[in-house]
Amino acid sequence: MKYSIVNMKRATLSLLGILLLFSCNDRYDYPIPTPSFEETPLQEVAKVTLSNENGEWKMFVDDEEFYINGACTNNYYGDVANFGGNVIRTYGISDDSRRILDEAQEAGLYVNFGLYMRRETDGFDYDNETAVAQQLAEMKEAIDRFKDHPALLCWSIGNEAEASYTNLKLWTAVNDVAKYIKEVDPNHPTTVALSNSDVTKIQHIASMAPEIDMLSINMYAPSLPNLLTNIQAAGWQKPYMVTEFGPRGTWQMNPEPTRILEWGGLVEQTSTEKAEIYRAAYQDHIISNKPNGCIGSFVFVWGYQRHGAVLTWYGLYDKKGYTFPAADEMQYVWTGTYPANKAPVIQDRDAIVMNESKAEDNIKVEKNSDNTASVVATDPDGDPLTYDWMIMKEGTASADGSLPDGISGLITDNTQPEISFKAPAETGGYRLIVFVRDDANKKVASAVIPFYVN
């Protein structure tokens with residue numbers, strides 16, 4: 001174990017205390033300085049390496065094989081370890097970066113640390129040499145600051161920076177960041193996260209960003225089966241990670257036209273249906289491709305959504321900190337065992353109805369009309385369940401971008417499995433949401449009915 005040089009500071013302060021003791025009239029009246037340090041051992045930096053052994057890529061942390069069972073996190077960081085995960089992913093530098101690294105270390109987790117590269121689609125110009133140099137300087141500052149943190153696993157240079165891009169100089173900029181990392185930090189490999197597995201993009205990275213050690217792809221359920229095929233078609237010779245995965249995205253709904261309502265609302269799966277997709281995605285297209293270069297993955301999203309078209313679409317937690325069934329499934333695929341207590345079940349969209357109609361039925365009602373709704377839920381462990389219904393206007397959000405509070409005064413009693421409610425007085429799209437909770441174990445299920453007020 002190594003100890004920091006603050007021990008010398010402690011000795012100096014001890015000497016100061018002795019001098020103060022003898023300079024005061026009363027031995028107990030000398031000033032005691034506020035503690036500004038703690039005598040704690042400094043852990044060694046993790047040495048992370050990649051090796052191709054008999055045609056199979058593997059990651060090693062301090063010479064021990066390490067397979068990434070990770071989570072894209074925006075909250076509840078340390079809880080990932082409680083479910084069997086070993087890495088969390090961040091997207092950019094913030095005031096919370098050090099706190100997140102420290103929390104991960106305390107929980108026994110590593111961090112895939114995000115360095116956010118600005119996007120052309122947001123107005124950044126990669127032909128502007130001054131702006132690109134400034135971005136690189138910012139990246140260097142963060143790398144220097146965090147490279148020796150014991151929780152650091154790897155550097156992710158950009159997240160979907162290539163979305164709708166045209167300027168290939170992006171890859172030169174990415175490579176310049178990766179090159180600097182290699183110069184100052186030999187312990188942690190580099191990656192870049194793409195929005196899809198487009199073959200041409202992967203080939204550009206291979207040729208223009210050779211300092212990238214691993215490929216990262218954000219890929220959701222309907223496209224995930226194509227991922228390995230595209231990586232191989234691009235001729236990628238290094239390992240890869242699936243850095244976001246989950247159910248079909250709101251941007252991928254055209255192949256399921258019955259889930260796109262006449263007024264544009266999207267029909268959401270129940271939390272139970274989503275959980276099954278998370279499990280299948282991991283088992284069928286992630287861990288099964290370990291022999292083909294996949295060194296791990298990150299479930300999306302550990303926490304609750306703070307942006308997006310439908311704010312309940314993703315998220316393994318609700319805003320009360322209760323976990324959805326998907327968290328149980330992640331523990332199962334990561335460890336081989338389910339939690340001792342599992343989340344409530346709302347089996348499918350037939351289990352929630354409004355005015356005896358299902359979500360796909362394009363439900364439309366009149367302003368201030370009387371309506372009913374019901375849900376059928378069960379608990380695998382026989383625990384008592386509570387019900388929490390809410391109505392929100394489509395496209396609205398709270399101040400932090402997350403799910404807003406429900407519209408007050410509409411539901412007569414929102415704590416029952418069957419409810420009566422008034423339709424809102426304003427024309428537009430709405431979502432009727434029910435959360436079914438096992439309060440004793442902080443587990444939750446959810447289901448949603450979109451409807452339109454004429």
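Points worth noting:
- If you go through segment 113-165 and keep only what is open to solvent by 50 Å² or more (accessible area, probe 1.4 Å) and outside any helix (DSSP H, G or I), you end up with 116, 118, 119, 123, 125, 127, 128, 148, 164.
- Residue within segment 369-377 that is within 31 Å of the chain's Cα centre (by Cα) and open to solvent by less than 30 Å² (accessible area, probe 1.4 Å) present: yes
- Unmet criterion (only one of (1) open to solvent by 30 Å² or more (accessible area, probe 1.4 Å); (2) under 27 Å from the mean Cα position of the chain (by Cα); (3) acidic (Asp, Glu)) for residue 383: (2)
- Condition met for residue 230 (among the polar types (S, T, N, Q) and either farther than 27 Å from residue 115 by Cα or open to solvent by 10 Å² or more (accessible area, probe 1.4 Å) (or both)): yes
- Total residues in segment 233-247, condition surrounded by 19 or more Cβ atoms within 10 Å (Cβ to Cβ) and over 22 Å from residue 158 (Cβ atoms): 1
- Qualifying residue in segment 266-281 (condition: within 23 Å of residue 68 (Cα to Cα), touching a residue at least 60 places away in the same chain (Cβ under 8 Å) and in contact with a Leu (Cβ under 6 Å, 6 or more places away or on another chain)): yes
- All positions within segment 263-280 that are open to solvent by 10 Å² or more (accessible area, probe 1.4 Å) and out of contact with any Lys or Arg (no Cβ under 9 Å at 6 or more places or on another chain): 264, 272, 274, 276, 279, 280
Residues checked against (1) closer than 30 Å to residue 113 by Cα; (2) modelled with pLDDT under 50:
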position	(1), (2)
30	no, yes
37	yes, yes
49	yes, no
53	yes, no
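- Checking 361, 438, 413 one by one, the residue that is open to solvent by 70 Å² or more (accessible area, probe 1.4 Å) and either over 20 Å from residue 260 (Cα atoms) or free of Cβ contacts under 8 Å to residues at least 24 places away in the same chain (or both) is 361 and no other.
- Residue selected from segment 389-420 under the condition assigned to a strand (DSSP E or B) and under 22 Å from residue 265 (Cα atoms), by the criterion farthest from the chain's Cα centre (by Cα): 411
- Residues in segment 421-447 that are assigned to a loop (DSSP other than H, G, I, E, B) and on the phi < 0 side of the Ramachandran plot: 423, 424, 425, 426, 427, 439, 440, 441.
- Counted residues, segment 77-101 - those being over 24 Å from residue 283 (Cβ atoms), buried (at least 16 other Cβ atoms within 10 Å of the Cβ) and out of contact with any helix residue (DSSP H, G or I) (no Cβ under 9 Å at 6 or more places or on another chain): 2
- Set 287, 260: member being touching a strand residue (DSSP E or B) at 6+ places or on another chain (Cβ under 7 Å), closer than 29 Å to residue 347 by Cα and open to solvent by 10 Å² or more (accessible area, probe 1.4 Å): 260
- Scan of segment 179-222 for residues that are within 23 Å of residue 71 (Cα to Cα) and either among the acidic types (Asp, Glu) or without any contact (Cβ under 8 Å) to a residue 24 or more places away in the chain (or both), ordered by number: 213
- Test result for residue 397, touching a residue at least 24 places away in the same chain (Cβ under 8 Å), open to solvent by 30 Å² or more (accessible area, probe 1.4 Å) and in contact with a Leu (Cβ under 7 Å, 6 or more places away or on another chain): yes
- The set of residues in segment 177-200 being surrounded by 15 or more Cβ atoms within 10 Å (Cβ to Cβ) and part of a loop (DSSP other than H, G, I, E, B) consists of 185, 187, 188, 189, 195, 196, 197.
- Within segment 306-324, not a single residue is of a type outside the set (Lys, Arg), surrounded by 15 or more Cβ atoms within 10 Å (Cβ to Cβ) and in a helix (DSSP H, G or I).
- Candidates in segment 349-382 are the residues that are touching a strand residue (DSSP E or B) at 6+ places or on another chain (Cβ under 8 Å) and of a type in the set (Ser, Thr, Tyr); of these, the one that is nearest to residue 423 (Cα to Cα) is 369.
The values are calculated or read from the model by the stated rules, or taken from the named source; none is laboratory data. Since this is a predicted model, take the numbers as computed values, not measurements. Counting neighbours? That spans all protein chains shown, and the Cβs are built from the backbone with ideal geometry, glycine included. Quick note on the areas: whole protein, heavy atoms, side chains included, nothing else; ligands and nucleic acids left out. Shrake-Rupley method; radii C 1.70, N 1.55, O 1.52, S 1.80 Å.
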